[in-house]
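Working notes for the structure below.
The values are calculated or read from the model by the stated rules, or taken from the named source; none is laboratory data. Quick caveat, the model's predicted, so the values are computed rather than measured. Cβ coordinates were reconstructed from backbone atoms using ideal geometry, including for glycine residues, and neighbour counts include every protein chain displayed.
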Amino acid sequence: MARDMNAVILRGWLEIKVAQAQKTWRKRWCLLRDTSLGYYKSDNDTNPVGTIFAEDILEVKELEVATTNEESQKDKTHGHLFEVHCRNGNYQFIATTVEARNEWVSNLRSLLINKTTMGDVVTGDLVQYCTVESILGRGIRVSGPDINTVLLAQLSVGANKKSNDNRGWFADVFVPQSVILNLFSQHQWQLVNMFHTTSIVPGNREPVLSDMIIFSKSVKLG
C-alpha cells in the first residue's frame, strides 16, 4: 500500500527567516508532509506563504546560539534553533522548546533520507518528485531530477525565452493546467498535490500568483 503523501507528519508554530535575505523573524504555522514543509500565516489558512520541497533539501542541522551581534540576542533568548539548507537558499527556524526542535529536525532528516536513499518502502522503488509552477500569465517553471527533454519541449511550445537557474527550468509561456496534467501523465508522472501560492519570475523580485503542482514517479532500482 502506497504512502499518503498529503498526510501531515508534523504541525506546529515556528519562527522563520530566510538566511541572508530576511532580517526579521516571522511566526508561521508549519505543516510537514512527505513531500514538503509548508508555512502559513495562520493555522486556519489553506494557502501557504511559502513551501520547502523535499527534493530541494540538502541538509538539516541544529544551530549553536550566536552572541556576536544585535540580531543574535533574540536567538540567544530562544535557543532552540535549526536550519534547513536547500538548493535555492537556507531557512532558519526557532522552535518553542528544545524537544520541539529535536522533533522537527528528526522528522525533516527522515524525510531527507527517504527522498535520497530509501525510495518507496513498500515496492523498493526510488520515488522521484517534480514540482511545476504555473505562474499566471507569466510562464511555467519545472524543478526536479532528470526531467525528460521531450517533456520540456512540449511545455515550452510558443515560448520566446527559456532559462535555467537555482529555482529550476523556466519558459515564458502560459500552459493550461489541463495540458500540464496530461503531458506529465504521458511521461508516467503521477499527481501528488496542487495548491495556490506565489512565485518569482526571472528578472522580477516581486512575487506573483501561481499554481503549484507536485508530481511523483517510481523508478525501478537495480
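In table form, for the structure just shown:
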item: Unmet criterion (only one of (1) polar (S, T, N, Q); (2) without any contact (Cβ under 8 Å) to a residue 12 or more places away in the chain; (3) closer than 14 Å to Ile135 by Cα) for Thr198; result: (2)
item: In the stretch 37-47, residue surrounded by the fewest Cβ atoms within 10 Å (Cβ to Cβ) [restricted to those that are more than 16 Å from Ile94 (Cβ to Cβ) and modelled with pLDDT of 85 or more]; result: Asn44
item: Residues located in the stretch 126-144, provided they are in contact with a Phe, Trp or Tyr (Cβ under 8 Å, 6 or more places away or on another chain) and farther than 16 Å from Ser199 by Cβ; result: Tyr129
item: Conditions (1) part of a strand (DSSP E or B); (2) without any contact (Cβ under 8 Å) to a residue 24 or more places away in the chain: number failed by Asn44; result: (1)
item: Looking only at the stretch 136-162, and only at residues there that are under 20 Å from Glu55 (Cα atoms) and touching a residue at least 24 places away in the same chain (Cβ under 8 Å), the one that is surrounded by the most Cβ atoms within 10 Å (Cβ to Cβ); result: Ile140
item: Number of positions in the stretch 188-208 that are surrounded by 15 or more Cβ atoms within 10 Å (Cβ to Cβ) and under 17 Å from Thr149 (Cα atoms); result: 1
item: Residue match in the stretch 59-75 (condition: under 22 Å from Lys17 (Cβ atoms), modelled with pLDDT of 70 or more, of a type outside the set (S, T, N, Q) and surrounded by 15 or more Cβ atoms within 10 Å (Cβ to Cβ)); result: yes
item: First in the stretch 166-185 and in contact (Cβ under 8 Å) with a residue 12 or more places away in the chain, second anywhere and among the β-branched types (Val, Ile, Thr) and assigned to a strand (DSSP E or B), Cβ under 7 Å, 6 or more apart; result: Gly168/Val142; Trp169/Val142; Ala171/Ile140; Val173/Ile140; Val175/Ile140; Ile180/Val132; Ile180/Ile213
